[in-house]
1. Classify the range 84-169: rounded, prolate or oblate, from the alpha-carbon gyration tensor (a ≥ b ≥ c, eigenvalue square roots; a/c under 1.5 rounded; otherwise prolate if a/b is larger than b/c)?
2. What is the angle, in °, between the Cα long axis of helix 127-136 and the longest principal axis of the Cα atoms in the chain? Nearest 10 is fine, range 0 to 90.
3. Please find the FRET efficiency linking residue 299 to residue 159, where r is the Cβ-Cβ separation and R0 is fixed at 25 Å, and quote it to the nearest 0.05.
4. Springs between alpha-carbon pairs under 10 angstrom, Gaussian network model over the chain: which of 128, 104, 34 fluctuates most?
5. Compute the distance in nm between two label points, each set 7 Å from the Cα along the Cα-to-Cβ direction, one at residue 217 and one at residue 117.
6. Between rounded, prolate and oblate, where does the range 137-180 land on the alpha carbon gyration tensor, with a ≥ b ≥ c its root eigenvalues, rounded for a/c under 1.5, else prolate if a/b exceeds b/c?
7. GNM on the chain, C-alpha springs below 10 Å: top fluctuator among 166, 147, 190?
8. Based on the Cβ-Cβ distance of residue 169 and residue 37, what FRET efficiency does E = 1/(1 + (r/R0)^6) give at R0 = 45 Å, to the nearest 0.05?
Amino acid sequence: SGNAAEINLILTAMLRHAGLDANPVLVSTRSNGVALFPTRYAYDYVIASVTIDGNTVLMDATSKYSMPDVLPARTLNWVGRLIKKDGESSEISLTPKMNSRETVNVIAAIAADGTVSGQVRDLYADYVAYVLREMLATLQMEEYVEKLESMNKGVTISNYKLSNDKNPAKPLSESYGFTDSMHADLMGGKIYFSPMLHFSEQENPFTGETRNYPVDFIYPLQKRHIITVTLPEGYRVESMPEPVTMVMEENIGSYKYNITAQGNTIQLSSFFDINFPTVSHEYYRTLKDFFSKMIEKQKEKIVLVKNQ
């Protein structure tokens, strides 16, 4: 117990006692604003650092779910100031170094009445795992499942299981069965369905015409969906979306959508990457157009018809 300075200075002392090159790092939290100059009043938080073989790792012991180089979001605010034993100090980047990953694997089947059912396995790593662990710590399992269902209308979840939720050293894993009554429609003897099912993005987060401040994603992100759908007996594919690859300028991010049909099975892969935690407002139009095109692609339908 204690405030951030007390906890992380104790951590720094323990690391030094273990013979490591450990030093405290002063941080201005996101709510406190950016520390432009190292003054007495610029910082309101302390984390710990360890330098090994020229590489510096940042740590925060105030959260049981944080890991080396996976810090609470409140501390991710541009640069901190590392304070050494001799009183020297230097700036150190607080920017996450890797894309935090979410990988969703889905195996599903469509019934002739348009009902979709299947199994989901979702793996979370780094910051996306940290954020979910923090949320799960405040909810009962039943509450979280209800929250998932409310976020995905028409979806009923069963047999929900969670793994490694208390072990931040490993990826967080969740698995569950689902029944979906909203993402396949029967019209004129045909079945229309989105192969992204309830995992598609629904709304563009960028609605304004202009923006005067940077876009803050907090951390770089990689989201992957691999979805396999078995068609109902007696149906075949009449039409389906075209594959697409989109890459934003300056390597801001990318989106790859690939879909194939083989026999009575559809396989879709959807890979989305944002490579920077913060993107300049100068690229706002780029981001807005990119998200708009990605959402349009994810909403495209496959059309199934009965075999003759």
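The values are calculated or read from the model by the stated rules, or taken from the named source; none is laboratory data. If you're wondering where the values come from, they're calculated on a predicted model, not measured in any experiment. All Cβ positions, even for glycine, are placed from backbone atoms using ideal geometry, and neighbour counts span all protein chains on display. SASA here: full protein model, heavy atoms, side chains in, ligands and nucleic acids out. Shrake-Rupley method; radii C 1.70, N 1.55, O 1.52, S 1.80 Å.
1. prolate
2. Computed tilt is about 80 degrees.
3. With R0 = 25 Å, the Cβ-Cβ based efficiency is 0.30.
4. Residue with maximal mean-square fluctuation among 128, 104, 34: 34.
5. 3.8 nm
6. prolate
7. Its mean-square fluctuation being the largest, the pick is 147.
8. For residue 169 and residue 37, the calculated efficiency is 0.75.
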